[in-house]
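The values are calculated or read from the model by the stated rules, or taken from the named source; none is laboratory data. Note that the coordinates shown come from a computational prediction; the quantities given were computed from them, not determined experimentally. Glycine also receives a Cβ, built like all others from the backbone with ideal geometry; neighbour counts cover every protein chain displayed.
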């Protein structure tokens, strides 16, 4: 394995490519897509999405065929088409799987760099802490947002294609669903980023993320019960993410709008601050 | 190129580096950063590579402060100690990402990657995952990473750790070549012989203090003032003692079973004479064991000097 004599051609021109934050985010995204974990969640989300689309088509079919009218009435209980149905596009099994995916993928984002002591090397390049943190947050929140966007846009497009404006999904539904998706994604991104920055390994990051989700629900429940005010339930991340689509559709949710806004800001602020503190270049000791 | 003016570094209450001043000129060359573990080498490297701001004083590289300064960082290549990558990752993917962080893209990045992989002898193995690479191969990849953007200042933290002798020599050749090409190379190590093989300029650190700065002969001269203890094993301890007391360098003599422990100044003149005595049959030598020629002892001497 010889090492050849160095030859130094003219210095290459730098600053040609993407900003460092996008370079780091793209690297993490490609890495996750190549992992078995990424493929597993990919299949899972596509599966759930296909079931949702099939449900939507079946729903439309029953609404549009007279001979199926009785069946339609019988199934209205679990296939409603009002605001509740719109809000359900971001709910149930999908959000649960999304939390699991966010904890598994996001929990390792910073922790992996801590475990392998990669951060000092990154900061020795022209990369600031804002670039690093921005990249991680962009990825941790961007991935759930992309998945949720698919869950909004595909059913919406299918509904428009098969029944136009009279379809089961309201033509204006994305205007409420996408902001809800953005808020949920930001929550997931900030929490998993904070959890990951507290951990020393990806597995510990996953544990931290799950612990925070479960712990926040327990804390909200205890405070709500002790103080007799259900607003405290907004501290629970599961409750909060389930509440946002319903709140934006004007439906009654487990928590009201004001506590939901407060708790969302608190969680995003708290966990991103922790991540910022734990990823300073001063923390990146050689 | 590098100028430190009473630069110090604290980690809370712990002093990582006492106020330190030195200057390294522009142009290529190799400087050894020498000191035992905990001497402050990594602290100094963190200041130079812009990872931390000095707690006091001033650090200037290319006339500018390196901390959070992309203009300076883009001209520095850092090879940290130990692996700095997830084990399952492929080396070329890692290198591409690092190249992109330095602002390389497209054909320029491809070119830089080919050049650095050829330079480090890893062109054929770059598509291997890190987990399948030997320690030496991973070290070469770390070096390739630091060379991608053709840095003017290359900083290596303990680069010879874990390398076999052949890989060490190859790495030394490569560093010499880079230095001749105009790159300023700063190599940290805790092994004096290793650095002495590579360079003539040394910065000697101990307990967070810069103890000495100069060429290897200058530092050797400094060390020669201190007695070195040697255990001389011989068939007759009396014969050793009889020969040793006639030597001008002898400071002390302690008899023990099967030989003697002698403390001598200027071992560089004493040892050839000992060799001659053995060759002439004057001294029935069986073993010769330097007791305090390691770097720790050297630092102890220098610390006493500074006290």
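Numbers below:
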{"quantity": "Filter pass, residue B:110 being under 20 Å from the mean Cα position of the chain (by Cα), within 11 Å of chain A (Cβ to nearest Cβ), free of Cβ contacts under 8 Å to residues at least 24 places away in the same chain and part of a helix (DSSP H, G or I)", "calculated": "no"}
{"quantity": "Residues that are more than 22 Å from residue B:198 (Cα to Cα), in contact with a helix residue (DSSP H, G or I) (Cβ under 8 Å, 6 or more places away or on another chain) and not in a helix (DSSP H, G or I), drawn from region B:122-150", "calculated": "B:122, B:123, B:125, B:126, B:127, B:128, B:129, B:133, B:148, B:149"}
{"quantity": "Residue count for region B:151-166, restricted to those that are touching a residue at least 24 places away in the same chain (Cβ under 8 Å) and either outside any loop (DSSP other than H, G, I, E, B) or buried (at least 24 other Cβ atoms within 10 Å of the Cβ) (or both)", "calculated": "6"}
{"quantity": "Qualifying positions in region B:94-107 - within 8 Å of another protein chain (Cβ to nearest Cβ), part of a helix (DSSP H, G or I) and touching a helix residue (DSSP H, G or I) at 6+ places or on another chain (Cβ under 8 Å)", "calculated": "B:97, B:98, B:100, B:101"}
{"quantity": "Among (1) modelled with pLDDT under 80; (2) more than 14 Å from chain B (Cβ to nearest Cβ); (3) surrounded by 15 or more Cβ atoms within 10 Å (Cβ to Cβ) - the single one residue A:44 does not satisfy", "calculated": "(1)"}
{"quantity": "Members of region A:254-278 that are in a loop (DSSP other than H, G, I, E, B) and either crowded, with 24+ Cβ neighbours inside 10 Å or within 20 Å of the chain's Cα centre (by Cα) (or both)", "calculated": "A:255"}
{"quantity": "The one condition in (1) over 29 Å from residue B:266 (Cβ atoms); (2) at pLDDT 90 or above that residue B:159 fails to fulfil", "calculated": "(2)"}
{"quantity": "Number of positions in region B:124-177 that are within 19 Å of the chain's Cα centre (by Cα), within 11 Å of chain A (Cβ to nearest Cβ) and at positive phi", "calculated": "1"}
{"quantity": "Given (1) more than 7 Å from every other protein chain (Cβ to nearest Cβ); (2) closer than 23 Å to residue B:1 by Cα; (3) at pLDDT 90 or above; (4) buried (at least 17 other Cβ atoms within 10 Å of the Cβ), number of the condition residue B:78 does not satisfy", "calculated": "(1)"}
